[in-house]
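Since the structure comes first, as structure tokens, the remarks are kept for the end.
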Amino acid sequence: MTANTSKSRKGKARDLQNRVAEDLRASFSPLGSADIHPAIMGSSGIDILLSSRARDMLPYAIECKNQEALSIWDALKQCQANAEKEALIPLLVFKRARSETYAVLRWADLLALLVNGKVHHG
């Protein structure tokens with residue numbers, strides 16, 4: 001079933017944002033809902049809001065897309081623009097109905113993670 005109305009599309013987007021925030025809190029147990037939480041739907045900027053403590057551990061501007069037909073280049077452009085405003089690393093998380101959830105990083109950021117275990121930004 002696809003989201004055909006604005007309300008159902010926003011609901012799908014909200015579901016992914018909530019799941020990403022929950023997964024991050026579960027994976028980084030010192031961080032709670034005050035540190036990692038979804039942005040209010042319809043607000044501009046990054047989709048997962050991070051406290052300064054969370055940003056020290058997760059220096060990412062997370063953009064969530066739960067869409068059947070995703071323009072990856074448009075989504076990456078939005079993610080990059082939001083990341084630059086916050087001086088964070090762009091991270092796009094996306095899925096569609098009945099699919100796995102995927103994440104996209106810039107190649108240089110992924111290499112830094114693989115080699116160093118963390119991304120250097122600034």
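By count of other Cβ within 10 Å, fewest leading, how are 46, 62 ordered?
Working: 46 22, 62 27.
So the residues, fewest neighbours to most, are 46, 62.
Sort 35, 47, 56 by Cβ crowding within 10 Å, fewest neighbours at the top.
Result, fewest neighbours first: 56, 35, 47.
Taking 7 Å along the Cα-to-C-beta vector as the label spot, tell me the residue 73-residue 53 distance in nanometres, rounded to one decimal.
4.3 nm
Could you pull out the longest piece of the chain with no exposed loop trypsin sites (Lys or Arg not before Pro) in it, calling a site exposed if DSSP puts it outside H, G, I, E, B and it has at most 13 other Cβ atoms within 10 Å? Could you put the intermediate results ahead of the total?
Working: sites that count: 98, 118.
Longest stretch, sites excluded: 1-97.
Helix 6-27 sits at what angle to the longest principal axis of the chain, using alpha carbons and giving 0 to 90 degrees rounded to 10?
30 degrees
For region 27-114, rounded, prolate or oblate, judged on the Cα gyration tensor with a ≥ b ≥ c (square roots of eigenvalues), a/c < 1.5 rounded, else prolate if a/b > b/c? Don't skip to the end; give the middle numbers.
On the way: a/c = 1.43, a/b = 1.26, b/c = 1.14.
Rounded.
Throughout, read-outs are computed from the coordinates displayed, never taken from laboratory work. This is a predicted model, so every value here is computed, not measured. Quick reminder, even Gly has a Cβ in these numbers, built from the backbone with ideal geometry, and neighbours come from all protein chains shown.
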